[in-house]
Structure formats: C-alpha cells, structure tokens
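The values are calculated or read from the model by the stated rules, or taken from the named source; none is laboratory data. Just so it is clear, the structure is predicted and the values come from calculations on it, not from any experiment. Note that each Cβ is placed from the backbone with ideal geometry, even for glycine, and that neighbours are counted across all protein chains shown.
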C-alpha cells in the first residue's frame, strides 16, 4: 500500500470503530430499530446524489431484487442487532465480536459456495470461534440489564449480526459481482431504510431523544456509513479487496479506544485474550497470516 492508502485504511477503521460508540450513545433513547432506520436512511440520502452524478442509477433497476436482499442482510438486520447489543455491551466488546465476521464469511463460502478450506483456514476458523466462545462464556448472562437486555441476548445479537455480514458478503460475491460498488452501497442502504420504515414508525420513541442522541445518529449515518462506504470502495479500487478487508483487524482497536476515551470503558484481561484469539483466527482464515503454514507445507517430503 501507498502512504495514502494506509491513511485511508486507518481512517476507515477509525470510522467503523466509532460506529459502536455512537450506537452505545443513541440506542437507549431511540431504540434499536429507529436508530438503524435513521442511520441507513440518511446514508442513502447522501449516497444517492453521488450515484446519480456518476450515472449509475440504472444499476439499481437491473439488480433491484439482489440489492434489496443485500440491504436487508448486510445493513438492516445487523444494524438493528448491534444496536440491541449496545444496550448491554460496551462499545469495545461489540467491536471485538464484530471481528468474527470473516470467520462466518469463510464458513458460509465453504458450506454454500464450495470454496476449499486450506489447513490454515481450518485452524483459523477453529481458533477464531474458540475466541468467540471464550468471550461469550465470560460475558453471557440471562439477567436483564438497565435497558431490559441481558448480556447473553446482547452477545447473541452480535453473533447473529456477524453471521448476517458473512452471508451478505457471499451473496454479494455470487449475485452482484459485476455491479458497480457504489450502486450496491447506495441501493442497499435505500432498501434497508424501506425495510425498516414501518417497524421504526411503530417503535418510534415516545419521548423526544436528546441532542446527544441525535448527534449520535448524524455520526452513525454520515461519517460511519456514507463516508465509510466511499472510503471502503475507494480502497478496493486502489489496493484490491484482499488488502481492504484487513480493516477488520483494526476496527476493535479503535472501538476499544473510543469507548475508553469517551465512555470510560475498560479493557479486561478476558476481553484482551478473546480479542487476540479472534483476530488471529480471522487473520488465518482470510489469508493475512499464512507464512508458517506455507513453509510447513513446502517442507513436507
């Protein structure tokens, strides 16, 4: 990567890491569904003019059904689920669970698309899911917290959200490989907003949210969703998808950092160990770490 690419990668990780902070600040007052619909709706309003300027609106018409599916499984559902988790888990811990998304993507690619699993990927999957189970076991409880959500339910919501991400990545690869990335990003946010519109109207908060909650919505929608998508697809164009996906390993760093700076969250030894194990497993799964396995394989008679 060039220095500019590295800077954009760090900026993207910082933005997506901050999304867990903003969800933590806004979920209690707006509720998970209303917060999610505002996030995707405002992001769509920002991205639509860019799509029109690049004359790619026709891509939405030709692939609307598949883009709508991606909008539901890659934005609507996971954004609601992570907002549910934000009612009981710290921003840093949610960002750590988010790092398991490549594990689900690799598992679904093997089970659905028939992609081959190398030794390194198998070890990565086992190691990564072991880290997830370690954290889940350490944090899960059935006792409802301040906002009526138990930590056990919050952990389950995080894992369901990352499972959605894994399915969404594979669905996009299989059905939308030739579609302009900006069209997929814009159309998926618009579809997610439409899918959540009626539930959000039904579940709209009875009391007007505070200025801090509204600021969290703006932070989620504009920098953490609209701008982040533009940076992500710019990175894919410049350095390729394999390099761009390494942002996954930086998000927990910023999620923990923002949580500590602005919410006073602490990093426990269990969280640190689970984070390291999950990131190591994910790195092996996506091929970021493969040197020892390649050398071992070449040394065999």
Quiz item: Is it fair to say residue 155 is closer than 26 Å to residue 267 by Cα, in a loop (DSSP other than H, G, I, E, B) and either in contact with a helix residue (DSSP H, G or I) (Cβ under 7 Å, 6 or more places away or on another chain) or modelled with pLDDT of 95 or more (or both)?
Solution: no
Quiz item: Is there a residue being in a helix (DSSP H, G or I), within 17 Å of residue 283 (Cα to Cα) and free of Cβ contacts under 8 Å to residues at least 40 places away in the same chain anywhere in the stretch 114-122?
Solution: yes
Practice problem: Could you tell me whether residue 111 is assigned to a helix (DSSP H, G or I) and on the phi < 0 side of the Ramachandran plot? | Solution: yes
Quiz item: Within the stretch 144-161, is even one residue under 13 Å from residue 72 (Cα atoms), touching a residue at least 24 places away in the same chain (Cβ under 8 Å) and crowded, with 19+ Cβ neighbours inside 10 Å?
Solution: yes
Quiz prompt | Residue within the stretch 2-23 that is closer than 24 Å to residue 174 by Cα and touching a helix residue (DSSP H, G or I) at 6+ places or on another chain (Cβ under 6 Å) present | solution = no
